[in-house]
Every structure is written in C-alpha cells, then in structure tokens.
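The values are calculated or read from the model by the stated rules, or taken from the named source; none is laboratory data. Worth saying up front: this structure is predicted, and the values here are computed from it rather than measured. Note that we place each Cβ from the backbone using ideal geometry, even for glycine, and neighbour counts take in every protein chain shown.
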C-alpha cells in the first residue's frame with residue numbers, strides 16, 4: 001500500500017508520496033513512488049503511483065521511451081492533457097502485455113492509480129488522476145486535491161483546511177500533516193517521503209526533498225500538531241449531559 005497526495009493551487013502545485021511497498025508483513029521494502037521530469041524553462045512534470053509496482057515501473061518506462069516507433073514521450077508532449085493521455089495509453093499498453101495473465105491468476109490484480117501534475121511552457125499548470133483503465137479526471141478550483149492509496153486517514157485535514165487559494169508552502173505543510181495522520185494509523189505507509197513544490201510559470205521546481213526519520217522540520221510539525229490537538233480538546237467545553 002502507499003499514500004500519495006497531489007494539490008493543485010492558484011499559484012502552484014504540491015506533490016507528496018511515501019515509499020513503502022510490501023507483499024506481506026515479512027516482505028517490506030522502499031521504492032520511490034514519485035518521478036519528476038524537469039527541463040528548466042520548458043517543463044516540470046511529476047508522476048506518483050499507487051498499486052502494483054511492476055505496472056507503475058513499466059508505465060514510467062513507456063513514458064520515457066515512447067509508445068511505438070516515433071511516439072511521443074513525457075518530454076515531447078505539448079501539454080499536460082496530452083501527457084495524461086500518454087499515461088493512459090501506457091497503462092493500457094501494460095494491460096495488453098500482462099493484464100490478462102495477472103487477472104487470470106488473481107482477479108483485480110491489475111491495480112494501478114497515478115497522479116500526474118506540472119506545467120509545460122505556454123500552458124497552464126494542471127493535475128490529473130489516472131485510473132487502471134487509462135481514463136482520467138482533472139483537478140479544479142472546487143476539487144483542488146487528489147489522493148491515491150491509503151487516503152482515508154489523511155483526507156479530513158485537507159477537507160477542513162485546504163483551499164484553492166492556499167499558498168503552496170502552507171499546502172505542503174498540510175500535505176505533510178495529512179501524511180503524518182496516515183503514518184500513525186496504517187503500517188503499510190512508511191518513510192522516507194518525497195516532496196515537490198512548484199510555483200506556476202516558474203518552469204522549475206521550487207523544492208524537491210526526501211524526508212526520512214528524524215528530519216527536524218517533519219518532527220517539529222508532527223509534535224506540534226499532536227500538542228495543538230490536545231490543547232484544542234482541553235479548550236473545548238466538557239460534555240454537558
């Protein structure tokens with residue numbers, strides 16, 4: 001299992017992923033779930049994945065090498081919409097190769113979800129969620145964030161505190177608190193984390209950071225959030241009946 005969250009904002013984009021994969025409690029490993037393609041001044045595109053690791057790695061390979069001779073790659077598509085289409089095509093190509101075999105062995109085994117976000121020069125910053133069938137939806141000012149993987153524990157804080165006009169670094173803080181809630185409640189999500197912050201029209205990432213156990217800032221907000229919740233509960237009136 002994993003947890004990834006992508007946030008589209010009026011002034012930028014935030015993407016955050018964990019790195020835990022497992023095939024049972026005795027087979028736990030860490031793999032990077034976020035891939036970033038960056039050509040400063042021309043494009044910044046991030047992709048995060050949840051589900052079958054072999055499928056997502058094959059999709060990334062297709063995006064980098066192209067689908068068919070002379071086909072577009074993630075570095076040649078002219079827009080994020082075309083990039084989302086390319087991701088969908090890559091998912092369907094992998095399904096054609098191995099989907100039948102996986103489903104025959106275990107129904108529902110062809111399982112992958114992806115978040116694609118970024119900006120290409122001359123186009124607007126966008127965020128897409130791509131499903132196992134290769135179809136996709138896009139984020140908007142009314143639905144500014146998408147989650148994949150083990151999302152239920154981290155969703156409430158985003159629902160309560162995040163808005164489209166939130167400043168990117170504040171949104172990154174909310175994403176990290178959302179991840180902390182998930183880490184505390186589900187052992188299938190684990191460190192290290194990968195964080196990307198992008199400002200609209202910058203055409204280069206503002207921040208890319210790997211966050212592991214003992215990271216001073218992450219520890220500070222984890223402890224601060226726990227303390228703030230305890231103080232808020234104490235400040236509320238007792239049950240009156």
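Assorted remarks:
- Scanning the stretch 180-191 for residues that are modelled with pLDDT of 95 or more and either over 25 Å from residue 206 (Cβ atoms) or in contact with a strand residue (DSSP E or B) (Cβ under 6 Å, 6 or more places away or on another chain) (or both) gives a single hit, 182.
- If the condition is being assigned to a strand (DSSP E or B) and either without any contact (Cβ under 8 Å) to a residue 60 or more places away in the chain or in contact with a helix residue (DSSP H, G or I) (Cβ under 8 Å, 6 or more places away or on another chain) (or both), then the stretch 189-206 contributes 193, 195, 197, 198, 199, 206.
- In the stretch 37-51, the residues that are on the phi > 0 side of the Ramachandran plot and outside any strand (DSSP E or B) reach residues that are modelled with pLDDT of 95 or more and buried (at least 17 other Cβ atoms within 10 Å of the Cβ) with C-beta atoms within less than 7 angstrom, at least six apart or across chains, in these pairs: 41/203.
- Considering the stretch 212-225, and only residues there that are free of Cβ contacts under 8 Å to residues at least 40 places away in the same chain and assigned to a helix (DSSP H, G or I), the residue that is surrounded by the most Cβ atoms within 10 Å (Cβ to Cβ) turns out to be 219.
- Residues of the stretch 19-46 classified as at pLDDT 95 or above and in contact with a helix residue (DSSP H, G or I) (Cβ under 7 Å, 6 or more places away or on another chain), total: 2
- For the stretch 97-123, filtered to residues that are outside any strand (DSSP E or B) and touching a residue at least 60 places away in the same chain (Cβ under 8 Å), the residue that is farthest from residue 50 (Cα to Cα) is 121.
- Considering 184, 142, 209, 160, the condition of being surrounded by fewer than 19 Cβ atoms within 10 Å (Cβ to Cβ), without any contact (Cβ under 8 Å) to a residue 40 or more places away in the chain and either assigned to a strand (DSSP E or B) or under 16 Å from the mean Cα position of the chain (by Cα) (or both) is satisfied by 209 alone.
- Here residue 150 meets each of (1) at pLDDT below 95; (2) in contact with a helix residue (DSSP H, G or I) (Cβ under 7 Å, 6 or more places away or on another chain); (3) over 21 Å from residue 180 (Cα atoms) with one exception, condition (3).
- Yes/no for residue 94 being in contact with a helix residue (DSSP H, G or I) (Cβ under 9 Å, 6 or more places away or on another chain), in a helix (DSSP H, G or I), modelled with pLDDT of 95 or more and surrounded by fewer than 17 Cβ atoms within 10 Å (Cβ to Cβ): no
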